[in-house]
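K.L.:
Mind having a look at this structure? Questions to follow.
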Amino acid sequence: MNLEPYGVEKHPSPQGVPLHQLLNKDTLLPIIKQYGNYLNTSSLPVAGSLFLKRYAVLVAASSLDYYGMQKKRIDWWSTARFDVTSFKLLIEENPTELFEDCWKKRLFAQNLTPMITIISKECRISSKILWENIAVRLLATLRKNEDAYSLNELNEFFNELTCAETNWLGLEQNPLQTFLQRKATWSEVPVRKTCCRYYQVNTKADIPYCKNCPLRK
């Protein structure tokens, strides 16, 4: 199990906030504000958007790779703790329990979907931006693994995430159908439909926007 590229690190005694506790707004909002301070922004909408973009790497990208693509079943998720100083996930070194339920339902319906509701309301930012933040992280995971899987396999992973059936999302419609985009080849990166507002904290004059930002000229 190698989840470190996604910011998930093994620890003999992981400390931090259990993932289910992040669905309490009184726990989540101070963490988002702390992340905003880390990014040097006092804007709650910007902090909320970029926090979710970071969190999506930790939980969505890692879960897609491990549970969705590799089809592994070790339940590292239940041991995960969110470290509020490093903004990483810490998990037990040698988890042994198996997870046999739907990983997408646990990831989305039980975690990301309610979190988006909280962030959208409390940080006053469109849920469309937040869903696309997740979509771009999922797409990056697919693209990262394009040499490890066949084109048919990558298409199957993509179709599974963008299907019309949504009981695993906890929503009536699947927003990933709109925001999880692909071009003619996996090597091409589609332009976003929304702006994550990264440009409002980026201090690099030569790279003011994300590479796929719709505001980029």
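The values are calculated or read from the model by the stated rules, or taken from the named source; none is laboratory data. The shown structure was predicted, so the numbers you read here are calculated from the model rather than taken from an experiment. Neighbour counts are summed over all protein chains in view; Cβ atoms, including those assigned to glycine, are modelled from backbone coordinates with ideal geometry.
K.L.:
Being among the hydrophobic types (A, V, I, L, M, F, W, C) and over 15 Å from the mean Cα position of the chain (by Cα) narrows it down to one residue among Leu215, Leu138; which is it?
P.N.:
Details: Leu138 fails: over 15 Å from the mean Cα position of the chain (by Cα).
Criteria check complete, one pass: Leu215.
K.L.:
How many residues are touching a helix residue (DSSP H, G or I) at 6+ places or on another chain (Cβ under 7 Å) and assigned to a helix (DSSP H, G or I) when one looks only at region 78-95?
P.N.:
Here the count works out to 0.
K.L.:
Moving to a separate point now. Looking only at region 178-192, filter to residues that are under 22 Å from Leu107 (Cβ atoms) and of a type in the set (D, E, K, R); which one of those is surrounded by the most Cβ atoms within 10 Å (Cβ to Cβ)?
P.N.:
Arg192
K.L.:
Let me ask something else. Does region 65-76 include one or more residues that are touching a Gly at 6+ places or on another chain (Cβ under 9 Å) and modelled with pLDDT of 95 or more? Can you show your working first?
P.N.:
Of the residues in region 65-76, the ones touching a Gly at 6+ places or on another chain (Cβ under 9 Å) are none.
No - not one qualifying residue is present in region 65-76.
K.L.:
How many residues are surrounded by 19 or more Cβ atoms within 10 Å (Cβ to Cβ) and polar (S, T, N, Q) when one looks only at region 33-62?
P.N.:
2
K.L.:
Being surrounded by 15 or more Cβ atoms within 10 Å (Cβ to Cβ), without any contact (Cβ under 8 Å) to a residue 60 or more places away in the chain and among the polar types (S, T, N, Q) is the filter here, so list the residues in region 136-177 that pass it.
P.N.:
Selection gives Thr162, Thr166, Asn174.
K.L.:
Working only within region 107-135, note down all residues that are among the aliphatic types (A, V, I, L, M), more than 23 Å from Val191 (Cα to Cα) and more than 10 Å from the chain's Cα centre (by Cα).
P.N.:
Result: Ala109, Met115, Ile118, Ile119.
K.L.:
For region 145-192, enumerate the residues that are within 30 Å of Pro114 (Cβ to Cβ), of a type in the set (Gly, Ala, Ser) and out of contact with any helix residue (DSSP H, G or I) (no Cβ under 7 Å at 6 or more places or on another chain).
P.N.:
As a first pass, look at region 145-192 and keep what is within 30 Å of Pro114 (Cβ to Cβ): 145, 154-182, 189-192.
Keeping just the survivors that are of a type in the set (Gly, Ala, Ser) gives 164, 170.
Passing the criteria: only Ala164.
K.L.:
For region 7-32, give me each residue that is without any contact (Cβ under 8 Å) to a residue 60 or more places away in the chain and buried (at least 17 other Cβ atoms within 10 Å of the Cβ).
P.N.:
If the condition is that a residue be without any contact (Cβ under 8 Å) to a residue 60 or more places away in the chain and buried (at least 17 other Cβ atoms within 10 Å of the Cβ), then Ile31 is the only one that fits.
K.L.:
Continuing with this model, one more query. Would you confirm whether or not region 78-97 contains a residue that is of a type in the set (D, E, K, R), touching a Lys or Arg at 6+ places or on another chain (Cβ under 8 Å) and either surrounded by 21 or more Cβ atoms within 10 Å (Cβ to Cβ) or farther than 29 Å from Glu172 by Cβ (or both)?
P.N.:
First, pick out the residues of region 78-97 that are of a type in the set (D, E, K, R): 81, 83, 88, 92-93, 97.
Next, from what is left, pick out any that are touching a Lys or Arg at 6+ places or on another chain (Cβ under 8 Å): 92-93.
Keeping just the survivors that are either surrounded by 21 or more Cβ atoms within 10 Å (Cβ to Cβ) or farther than 29 Å from Glu172 by Cβ (or both) gives 92-93.
Among the residues of region 78-97, at least one is of a type in the set (D, E, K, R), touching a Lys or Arg at 6+ places or on another chain (Cβ under 8 Å) and either surrounded by 21 or more Cβ atoms within 10 Å (Cβ to Cβ) or farther than 29 Å from Glu172 by Cβ (or both), which makes the answer yes.
K.L.:
Oh, and also: crowded, with 17+ Cβ neighbours inside 10 Å and at positive phi, is that true of Arg197?
P.N.:
yes
K.L.:
Can you tell me which condition Val59 does not meet? The list is (1) more than 18 Å from Trp168 (Cβ to Cβ); (2) assigned to a helix (DSSP H, G or I); (3) touching a residue at least 40 places away in the same chain (Cβ under 8 Å), and all the others hold.
P.N.:
(1)
K.L.:
Out of the residues in region 63-77 that are hydrophobic (A, V, I, L, M, F, W, C) and not in a helix (DSSP H, G or I), state the one that is surrounded by the most Cβ atoms within 10 Å (Cβ to Cβ).
P.N.:
Trp76
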